[in-house]
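*Asks:* First the structure, then my questions, so here it is.
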Amino acid sequence: MTEDDSSLKPSSQRKTLAGSENKSFTKPRFDPVIPNTLKSFSLAELKNATKNFRSDSFIGEGGFGCVFKGWLDANTLVPTRPGSGMVVAIKKLKTGGFQGHKEWLAEVNYLGQLHHENLVKLIGYCAESDNRLLVYECMPRGSLENHLFRKGIQPIAWATRMNIAVGVARGLSFLHSLDANVIYRDLKASNVLLDSDFNAKLSDFGLARDGPTGDKSHVSTRVVGTRGYAAPEYVATGHLTPKSDVYSFGVLLLELLTGKRALDDERPGYLDETLVEWAKPFLRESRRMFRIMDTRLGGQYSKKGAQSAAAIAQQCLDLDPKCRPPMSEVLTMLEELVYSSKKPLSSPSPQAELHGAKYPRQA
C-alpha cells in the first residue's frame, strides 16, 4: 500500500515547530495548532525519564519507531527516578522522513483534542530539531495482538474478548459521531491497547482523517492502512467512508472469535487467503460457525453469544458498504450480546469441537 498525500494539505493557520518549517499540514475541520492542553517536553526531559532510552526501558517497536517506558511526576510531569511517580509510554519516531512527521502531527492534533475512555490518552509531545516524540498514558497489558497471537500468553476469556469488542466499538462510534466524522482508518489488533483491567483503547492516530460531511458520500485518498483489514472498496477506489472502519472492525471481531490473524504471510507455505475469505463460508451457516472458533477457548464461551458475534461480523464485512451497519448500531448489538452473555455459559457440541475447520496459517 502507498502513503497518503492527498489528505494532508498546506495551511496558512499553523504552529511552526522547531526544525519543521514548511512541514505543516491541515486537517480540514480540526485546528492544526497543537492544543495547549498538551505538555511540551524537551528531548533532555524524555531522555531523563527513560534513562536515555536504555534497552531496559524498551517496550516495543513498530513501523513508526520505538516505544519506551518512562517515569514522570504525576502532578508536575517532570522526570522522576524509575519506580516512582507515574509510568508513561514514550513513542520515539524514526528521524528523517516527511511522512513520519505528518503522521506524528496528525496524532498530536487528534488525540490532543479528542478525549474518550476508549481512546488512549496523549499527555504531551516533543518536537526538538528533527526529533518527534509522543508521551502517552501507559497501557500495562500491551496490545490485543500480543494476547491473541503471541505464544506463551494465556488466552483471553470469552467475556473479556467481547468486552474488548465493545470498547473498540465505542471508540469508533465516538469518532464517527463527531462533526468532522473522523475516520480512524488503521484499525488492527496491534493498535488496540489494553489497560490493567483489559479495557480497550484505540491508539496510533497517524492515519486518521476527517470524513465526508454535507452532501459528500466519501473522501478520496490514496490507499494506506494494513492489508487484510482494509475495506475492499477503499483498496480498489481510494474512496474512504466511516463504513471503511466498520469493515475493519468486522475483521477484528473475526480475530477475536477465531484467534487467527487477518493476514499471515510469514508462515512457510503461506496461501494468499485472508481471514475473511477463509471464514465467510462458515459464517453463513450457524451450525458450521463453531468450527472456526478459537480452540484456545476450550469451548468455554456462550454458544448463543458466539453466533450473535459471528452474525455481527458478517454484517460488518458486507462487500457493499451501504449494507454495513453504522458503528452506533454495531455498538448497540454488541452491548446486548454482552448483557445476554452474562447468563450461564453453554458450550458447543463435542462434535463441533472435534471437527474444527483447518486454517492454512497458525499464529
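*Asks:* Starting at the first residue of region 152-163, write each ³J(HN,Hα) from the Karplus equation 6.51 cos²θ - 1.76 cosθ + 1.60 with θ = phi - 60°, in whole Hz, x for Gly and Pro.
*Replies:* Going residue by residue, I get x, 9, 4, x, 6, 5, 4, 4, 5, 4, 6, 5 Hz, with x marking Gly and Pro.
*Asks:* While we're on this one: List the residues, sorted by chain then number, that are 5 or more residues from Gly65 or on another chain and whose placed amide H is less than 5 Å from its amide H.
*Replies:* Lys94
*Asks:* Specify whether the C-alpha gyration tensor of region 110-192 places it in the rounded, prolate or oblate class, a ≥ b ≥ c being the square roots of the eigenvalues: rounded for a/c under 1.5, otherwise prolate if a/b is larger than b/c and oblate if not. Display every interim value, and only then the final one.
*Replies:* Details: a/c = 2.41, a/b = 1.30, b/c = 1.86.
Here region 110-192 falls in the oblate category.
*Asks:* For Lys39, what residues show an amide H to amide H distance below 5 Å, using hydrogens built from the backbone and excluding near sequence neighbours?
*Replies:* Result for Lys39 returns Gly124, Tyr125.
*Asks:* Return Asp245, Asp197, Asp318 ranked ascending by Cβ neighbour count within 10 Å, so the fewest neighbours appear first.
*Replies:* Numbers: Asp245 30, Asp197 9, Asp318 15.
The fewest-first ordering by Cβ neighbours comes to Asp197, Asp318, Asp245.
*Asks:* A further question on this structure: Each residue of region 123-136 in turn: what ³J(HN,Hα) in whole Hz from Karplus with 6.51, -1.76, 1.60 and θ = phi - 60°, glycine and Pro shown as x?
*Replies:* For region 123-136, the Karplus curve yields 8, x, 8, 9, 9, 10, 6, 8, 7, 10, 10, 10, 10, 10 Hz.
*Asks:* What list of ³J(HN,Hα) couplings, whole Hz, do you get for region 231-242 from phi and the Karplus terms 6.51, -1.76, 1.60, once you set θ to phi - 60° and write x for glycine and proline?
*Replies:* 5, x, 5, 5, 4, 6, 10, x, 7, 10, 9, x
*Asks:* State, to one decimal in nm, how far the label point of Lys121 lies from the label point of Ile153, with both points 7 Å from Cα in the Cβ direction.
*Replies:* Label-label distance for Lys121 and Ile153, simple model: 2.3 nm.
*Asks:* Additional query: Toward the positive end of the charge dipole of region 157-263, about the Cα centre and with charges on Cβ (Lys, Arg +1; Asp, Glu -1), which of Ile164, Val224, Phe198 goes farthest?
*Replies:* It is Val224.
*Asks:* Mind putting a number on the dipole of region 238-318 about its Cα centre? Charges go on the C-beta only, +1 for Lys and Arg and -1 for Asp and Glu, and I need it in Debye to the nearest 20.
*Replies:* Charge dipole, region 238-318, about its Cα centre: 540 debye, nearest 20.
*Asks:* Can you find, among Asn52, Tyr110, Gly70, the residue sitting farthest towards the positive end of the charge dipole of region 39-137, where Lys and Arg contribute +1 and Asp and Glu -1 at Cβ?
*Replies:* Value computed over the given set: Asn52.
*Asks:* Related question: For Asp179, Asp195, Asp130, Asp294, what ranking results if the residue with the fewest other Cβ atoms within 10 Å of its Cβ goes first?
*Replies:* Starting with the residue having the fewest Cβ neighbours, the order is Asp179, Asp130, Asp195, Asp294.
*Asks:* Enumerate the amide H contacts of Phe58 below 5 Å, restricted to partners 5 or more residues apart or on another chain; note that Pro and chain-start residues carry no placed amide H.
*Replies:* Result for Phe58 returns Lys69.
*Asks:* While we're on this one: Among the listed pairs Lys216/Lys260; Lys91/Lys216; Lys69/Lys201, which are separated by more than 27 Å between their Cα atoms? Mind dumping the intermediate values first?
*Replies:* Numbers: Lys216/Lys260 36 Å; Lys91/Lys216 35 Å; Lys69/Lys201 18 Å.
As for pairs spanning more than 27 Å Cα to Cα, those are Lys216/Lys260; Lys91/Lys216.
*Asks:* Once you have the Cα-Cα distance between Asp56 and Thr37, take 0.36 nm times their residue separation minus that, and quote the gain in nm to one decimal. Intermediate results must be reported in sequence, preceding the final value.
*Replies:* Numbers: separation 19, 0.36 × 19 = 6.84 nm, distance 3.03 nm.
Separation in residues times 0.36 nm, less the Cα-Cα distance, equals 3.8 nm.
*Asks:* Now for a separate question. Given the Cα-Cα distance of Glu329 and Ser286 and 0.36 nm per residue of separation, how much length would full extension add, in nm? Show your work: numbers first, answer last.
*Replies:* Values: separation 43, 0.36 × 43 = 15.48 nm, distance 2.14 nm.
Using 0.36 nm per residue and subtracting the Cα-Cα distance, I get 13.3 nm.
*Asks:* From the Cα gyration tensor of region 39-137, with a ≥ b ≥ c the square roots of its eigenvalues, which class applies: rounded if a/c is under 1.5, or else prolate if a/b is larger than b/c, or else oblate?
*Replies:* Details: a/c = 1.62, a/b = 1.19, b/c = 1.36.
Because a/c hits 1.5 or more and a/b fails to exceed b/c, region 39-137 counts as oblate.
Coordinate-derived values only; no laboratory data. Here the structure is a predicted model, which means the values were calculated and not measured. Glycine gets a Cβ as well: all are built from the backbone with ideal geometry, and neighbour counts include every protein chain shown.
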